[in-house]
Amino acid sequence: MKYIIGLLIIAGLWACTKEDWPDNSRPEVNPFAVPADATGEEAELRRGFFDRTGMYLLFSDTLVAQEVNAVSAKKEKVYIKVHLEWNMVSTNQGIDSFICYPYKTLAEKKMLTEFVEREVLTSVPVLFYPYSIMLLDRLVYFQYNYYGGYEDPVEYSFYAGMQSTVITVSNLSAFTAGEKEKLKTNLVGNLISSNISVIPEADWADFYTYSDEYYKLSSQYVVPYPIEACGYLPTYADAGWGGPDFHTKEYDVKAYVEEIFKLSESEFRETYAEYPIIIDKMEEMVKVLRKHGVKVYE
């Protein structure tokens, strides 16, 4: 009997025309975008930034805060947030946490937004732009350990997440011209380094040839010493147990990108003058970066 009733219900549903179906559809809303009905200077600041750069601008990890009707008939506040922890290696992702400290004034938000757009992004090809940029006063990461507590907090000045890239600068108005120039160089390098995977693997073929035999080793700990003689920079070599493996292609590329933006060309050549292989790899990397629109060592 139950089977027959089930068939009748299904048949009834099939008999309905499309116009008879209940319409539960709602227009899709991108929580990273400024709501259409949002007004005020901050909303206009964010809209203008997106219109000019194609990136969403955030000043908090909270994307949406809205009231909904709960089962108890009472209204509850529901928050949709950026998941900064999604690309962390830790297995405690439900426990590890980021604490975001937003700017307290609109003037601070405007100042850093203008600096990032006018000074930093003009030196970064669109190819390397992240999906969204979050500008904060501070970003602190708390990692839960296996002993039932938290490690000492880590503070980030730059953090590249899957959904958003965070830039933190406190009191930019107090920076000297030299400090601003150094900040700009660091941010340009970090933005390019964090999105370096957008460059096709084939473009790195010549760069890889210098240390190719060492990529094939089973562990970073069997790379001959000094590692600079093998073409490696020391950037990630002292990361310790659980840290990144410096002898992989991924971290070899990242180390060179970061060092190129950290040092001027003359400083780079002087620092690694004893290791011609490193100079050769630097020159090869500069060719690849220039091919993709990055102005470096010109």
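Bear in mind that the values in this text are calculations on the coordinates, not laboratory data. The shown structure was predicted, so the numbers you read here are calculated from the model rather than taken from an experiment. Reconstructed Cβ throughout: ideal geometry from the backbone, glycine too, with neighbour counts over all protein chains shown.
Structure summary
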{"read-out": "Added length on full extension, which subtracts the Cα-Cα distance from 0.36 nm per residue, residue 156 to residue 62", "value": "32.0 nm"}
{"read-out": "Reduced Cα scattering model of segment 201-292, Debye log10 I(q)/I(0), q = 0.26 Å⁻¹", "value": "-1.56"}
{"read-out": "Assigned charges on the beta-carbon of Lys, Arg, Asp, Glu; segment 201-292 dipole about Cα centre (debye)", "value": "160 debye"}
{"read-out": "Separation in nanometres of the label points that stand 7 Å from Cα toward Cβ, at residue 80 and residue 36", "value": "1.5 nm"}
{"read-out": "Net +/- balance of residues flanking residue 244 in space, Cβ distance below 10 Å, scoring K and R +1, D and E -1", "value": "-1"}
{"read-out": "Added length on full extension, which subtracts the Cα-Cα distance from 0.36 nm per residue, residue 105 to residue 118", "value": "2.6 nm"}
{"read-out": "28 Å Cα-Cα threshold exceeded, pairs from 81/104; 109/291; 109/262; 110/184; 81/249", "value": "109/291; 81/249"}
